[in-house]
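Here's the structure, in structure tokens; my notes come after.
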Amino acid sequence: MTRITGVYREVGASGERAKAFIALALPVSDPPLRLAGELARLHRDAGEAVARLALAGVMVPDAGWFLYGFVRKEAVISSQIEGTQATLMDVLTFEATRETDQPEDVEEVCNYVSAMEHARRELARSGGLPISTRLLCEAHRRLMRGVRGADKAPGQLRRVQNWIGGSSLMRASFVPPPADEVPGAMGALEKWIHGDDALSPLVKAGLAHVQFETIHPFLDGNGRLGRLLITLLLEHWKVLSSPLLYLSLAFRRRQSEYYARLAAVRAEGDWEGWTGFYLECVMEAANDGVRVARELFAVLERDRRRVAQHKRATVAALRLMDALPRRPVVTAPMVSKALGVTAPTARKAMDVLADAGVLKETTGKDRDRAFAYGEYLEVLMGKAGGSLREVQ
Ligand SMILES: Nc1ncnc2c1ncn2[C@@H]1O[C@H](COP(=O)(O)OP(=O)(O)OP(=O)(O)O)[C@@H](O)[C@H]1O
Ligand SMILES: [Mg+2]
């Protein structure tokens, strides 16, 4: 199926000229997007997988349980699509010790976490910002904080022409709209998001992602913010009660198809092709999420029993065990603060957990030691693997 998708306008930058693409605003029209046949089946299957994930999220004793790990895993993987090398262990160790040997990569991942947390806080706060250009700008400011983002106009829609793929404007694989079109296009996207398109929230979130990427409103970070937008929309529309569905891993596994599907929407108006791809990714991500949540739950239960049965078990040791999902890498001062116990009590609790095989020292140093719940992190990263550096 071919649709008219937008218009081209000639633009110039650094002495070169090219045709920039100005997409039609959503909804998809002529013809509208209909989920029939294979697409309808995919939509139903993806919906069921997401419902199972929602259930896994409420199965655990406390909603915050998986969140800490899931959010950071997504931040690591979404940043890896951009080429960032930091691993989950690097990031968690930095959060515990404030020390790292690759400050820029770790900063980038921490910025992603901070952008996501800020946006979720705003959405949850009464009187906070809704899902809007302004909220995305605020998330962008956080994402671009520090060394690498300094010259990327943090927090602002771009004022210059950009392009994707290729070393120059003329060689680019895609030239997004001229800067003066960006505010209007973002306004139209925002209006559509809050409008009454009859498509399911799940599908709508996928379309919003494409439109956001096609507008490419920022100088950098559009991929990460566009993927974050999906997460925020799914939570906002109550598809999930907490943000447990993360698509970056599925997109990364099929990265060239991901880019090709985006390009085909612009070139041919192939929204059906995109939606099929996206729903497959949703299904994969939801199934992954369910499996990881179950495995984490099992590991935690087993280890809790081990600690409880340990001959030197203390109340503090059990409380530490219960706190680990929220902080899988810890230091002695952190534990003593979090549990409100003295340093010797904290150290004793950590000793018990180390002796029970739950915690392992990761820094190899005598002082400022950090202890990681290695197996938990391995299960969390799952097949994303390779991204978790060996513990010891
Ligand atoms: N042909 C295309 N049309 C529209 N968008 C595209 C196309 N190819 C890639 N993209 C989007 O552009 C993003 C890259 O843009 P940008 O560098 O601003 O984002 P980023 O967050 O820094 O990078 P990344 O997504 O690689 O982490 C890709 O992730 C993808 O979402
Ligand atoms: Mg980039």
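Kindly indicate the residue of the stretch 152-197 that is β-branched (Val, Ile, Thr) and assigned to a loop (DSSP other than H, G, I, E, B) and also farthest from ligand 1 (Cβ to nearest atom) among those meeting that condition. Full working, then the answer.
Keep residues of the stretch 152-197 that are β-branched (Val, Ile, Thr), which gives 160, 164, 175, 182, 193.
So of that shortlist, the ones also assigned to a loop (DSSP other than H, G, I, E, B) come out as 160, 175.
Values: Val160: 13, Val175: 10 Å.
Across the stretch 152-197, the extreme among qualifying residues is Val160.
When you look at Leu136, is it within 30 Å of Gly12 (Cα to Cα), among the aliphatic types (A, V, I, L, M) and in a helix (DSSP H, G or I), yes or no?
Details: within 30 Å of Gly12 (Cα to Cα): yes; among the aliphatic types (A, V, I, L, M): yes; in a helix (DSSP H, G or I): yes.
Considered against the rule, which asks whether it is within 30 Å of Gly12 (Cα to Cα), among the aliphatic types (A, V, I, L, M) and in a helix (DSSP H, G or I), Leu136 comes out as yes.
Limited to the stretch 78-94, what total is found for residues that are out of contact with any Lys or Arg (no Cβ under 8 Å at 6 or more places or on another chain) and surrounded by 19 or more Cβ atoms within 10 Å (Cβ to Cβ)? Step through it out loud before you land on a result.
Our first condition is that a residue be out of contact with any Lys or Arg (no Cβ under 8 Å at 6 or more places or on another chain); within the stretch 78-94, this holds for 83-86, 93-94.
From what's left, surrounded by 19 or more Cβ atoms within 10 Å (Cβ to Cβ): 84, 86, 93-94.
The number of residues fulfilling the criteria is 4.
Yes/no matrix, rows are residues, columns are (1) buried (at least 19 other Cβ atoms within 10 Å of the Cβ); (2) within 11 Å of ligand 1 (Cβ to nearest atom):
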{"residue": "Gln211", "(1), (2)": "yes, yes"}
{"residue": "Trp237", "(1), (2)": "no, no"}
{"residue": "Ser242", "(1), (2)": "no, no"}
{"residue": "Tyr246", "(1), (2)": "yes, no"}
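For the stretch 67-82, indicate whether the set of residues that are among the polar types (S, T, N, Q) and under 30 Å from Lys365 (Cα atoms) is non-empty.
The initial filter retains those residues of the stretch 67-82 that are among the polar types (S, T, N, Q), namely 78-80.
Now restrict to residues that are under 30 Å from Lys365 (Cα atoms): 79-80.
There is at least one residue in the stretch 67-82 that is among the polar types (S, T, N, Q) and under 30 Å from Lys365 (Cα atoms).
Kindly provide the set of residues from the stretch 344-373 that are at pLDDT below 95 and either among the small types (Gly, Ala, Ser) or assigned by TED's automatic domain parsing to the domain that holds Thr97 (or both), ordered by number.
Correct list: Gly364, Ala370.
Which condition number in (1) under 19 Å from the mean Cα position of the chain (by Cα); (2) modelled with pLDDT of 95 or more is the one that Ala188 fails?
For Ala188, the exception is condition (1).
Which condition number in (1) of a type in the set (S, T, N, Q); (2) in contact (Cβ under 8 Å) with a residue 24 or more places away in the chain; (3) assigned to a loop (DSSP other than H, G, I, E, B) is the one that Gln80 fails?
Failed condition: (3).
Would you check which residues across the stretch 209-239 are more than 16 Å from ligand 2 (Cβ to nearest atom) and either over 26 Å from Leu24 (Cα atoms) or aliphatic (A, V, I, L, M) (or both) and list them?
Val210, Ile230, Leu232, Leu233, Leu234, Glu235, Lys238, Val239
Can you report the number of residues in the stretch 243-297 which are among the charged types (D, E, K, R) and under 13 Å from Leu380 (Cα atoms)?
Applying the first criterion (among the charged types (D, E, K, R)) to the stretch 243-297 yields 252-254, 257, 261, 266, 268, 270, 272, 280, 284, 288, 291, 294-295.
Among the residues that remain, those that are also under 13 Å from Leu380 (Cα atoms) are: 288, 291, 294-295.
Looking only at that region, the number is 4.
Which residues, taken from the stretch 331-349, are assigned to a loop (DSSP other than H, G, I, E, B) and loosely packed, with under 15 Cβ neighbours inside 10 Å?
Within the stretch 331-349, Gly340, Thr342 meet the criteria.
Give just the number: which of (1) of a type outside the set (D, E, K, R); (2) out of contact with any helix residue (DSSP H, G or I) (no Cβ under 9 Å at 6 or more places or on another chain); (3) within 13 Å of ligand 1 (Cβ to nearest atom) does Gly269 not satisfy?
The one condition Gly269 does not meet is (3).
All but one of (1) part of a helix (DSSP H, G or I); (2) away from ligand 2 (no atom under 16 Å from the Cβ); (3) under 24 Å from Ala286 (Cα atoms) hold for Ser242, so report the exception by its number.
Unmet condition: (1).
The values are calculated or read from the model by the stated rules, or taken from the named source; none is laboratory data. Predicted, not measured: the structure shown is a model, and the values here were computed from it. Neighbour counts run over all protein chains shown; Cβ positions are idealised from the backbone, glycine included.
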